[in-house]
Amino acid sequence: MTTETLQIDVQPIAKSRIDEVDFDNLVFGKHHADHMFVADYVNGEWTDLKIIPYGDLSLSPATAALHYGQALFEGMKAYKNDANEVLMFRPLDNLARLNRSAERMCMPTIPESIFMDGLTTLLRLDAAWVPTQPDCSLYVRPYMFATDPYIGVRPSDTYKFVIFCSPVGKYYAKPPRVKVETEYIRAAEGGFGFAKCAGNYGGSLNPTRLAQEQGYDQLIWTDAREHKYIEESGTMNLMFVIDGVLVTPAISDTILDGVTRKSIIDIAKYWGMEVQERRVSVDEVIGAIQEAKLEAAFGAGTAVVVSPFAAIAHQGIDYTLPEITEESFTNKVYHYLSDLRMGKVADPFGWVIKA
Ligand SMILES: *Cc1c(COP(=O)(O)O)cnc(C)c1O
């Protein structure tokens, strides 16, 4: 596809639904902005690029994605600066990851021009939906799925790519209590844990619900072989501050390469902090808690941004974590990341892009 053929047909909504939304009490994922971007993959190329009012899709009952899971998604956030301009945070990193997921799932990749033009056109059209309240943002959900109305097991020939947006507030109202999972697994070597594909989440729901029935909010997944090493959490990468060092499991094919995680690593280094990306065992973290060397354990991801844990449970014992103080790394990096994304501080990394 050449850029000359790239044309987005924009069909604006007749009347905005924005008055239905209480922006002071946003619930994650409940409201969706007026428009969505849609493109179809047919005969080996992306065609029929359009922005239409957000609404239902019509699908064949035989739609391939619904049977064999050729489906993937991304998650990113848009903010507004004081000049009312819409800002995106590292969108090309999300595109690169989307395309890595696509390759693993035998799905077509998306050219940068289609992704960025679709995204920026949509964000400009729905700019009024980008919240300006503290801790709020417009969550952007690009996703792609197989649309062949055919139930033989093979890669689909046709796909749909959609982007829609939801104004969101804070993800967790209070610091979550997490449980180290030592029975179920999320991903194994050679599998597709690194891909943001639908199946990774469907398979995690039941183990997570079991943990919630025991009074925890989320799981810490461990490696599939020994349940000895820490991997990640629901939709968060995991990071620890131990003895002043930022420690995080190294990225592998069982761990999702989070944009928030790698941003925090770069910020920590920029601040002169030591960072270690390596294997992190459960024993090391529990040991650090017992020796009072663990300053913080937190999840990092677009939805939560930075989410310090209140407690970690392992083999039936709850280990309470230190309270997060104003000067703690967790707090500082949360505010710095938020300020960067809202254009409140200079961006030495080149991460923030105007829509
Ligand atoms: C999306 C996600 C993350 C976080 O990635 P970000 O790019 O920081 O949002 C981490 N782990 C899993 C399993 C995820 O789905």
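Details
- Those residues of segment 272-288 which are assigned to a loop (DSSP other than H, G, I, E, B), touching a Phe, Trp or Tyr at 6+ places or on another chain (Cβ under 7 Å) and either open to solvent by less than 70 Å² (accessible area, probe 1.4 Å) or at pLDDT below 95 (or both), in sequence order: V280
- Residues satisfying the criterion are absent from segment 59-66 (criterion: among the hydrophobic types (A, V, I, L, M, F, W, C) and under 27 Å from M342 (Cα atoms)).
- So P142, is it closer than 20 Å to H32 by Cα, at pLDDT 95 or above and outside any helix (DSSP H, G or I): yes
- Only residues that are in a loop (DSSP other than H, G, I, E, B), within 14 Å of the ligand (Cβ to nearest atom) and surrounded by 19 or more Cβ atoms within 10 Å (Cβ to Cβ) were counted across segment 162-196, and they come to 9.
- Failed item in (1) open to solvent by less than 20 Å² (accessible area, probe 1.4 Å); (2) in contact with a Leu (Cβ under 9 Å, 6 or more places away or on another chain), with F329 passing the rest: (1)
- The set of residues from segment 13-32 being open to solvent by 90 Å² or more (accessible area, probe 1.4 Å) and in contact (Cβ under 8 Å) with a residue 60 or more places away in the chain comprises D24, N25, K30.
- Any hit, segment 72-79, residues being modelled with pLDDT of 95 or more and open to solvent by 60 Å² or more (accessible area, probe 1.4 Å): no
- When segment 7-54 is filtered for residues that are farther than 19 Å from A128 by Cβ, touching a Phe, Trp or Tyr at 6+ places or on another chain (Cβ under 6 Å), assigned to a loop (DSSP other than H, G, I, E, B) and at pLDDT 95 or above, nothing remains.
The values are calculated or read from the model by the stated rules, or taken from the named source; none is laboratory data. No experiment lies behind these values; they were computed from the predicted model shown. So basically every Cβ, Gly included, is an ideal-geometry build from the backbone, and we count neighbours across all protein chains shown. Surface accessibility is based on the protein's heavy atoms, side chains included, excluding ligands, DNA and RNA. Shrake-Rupley method; radii C 1.70, N 1.55, O 1.52, S 1.80 Å.
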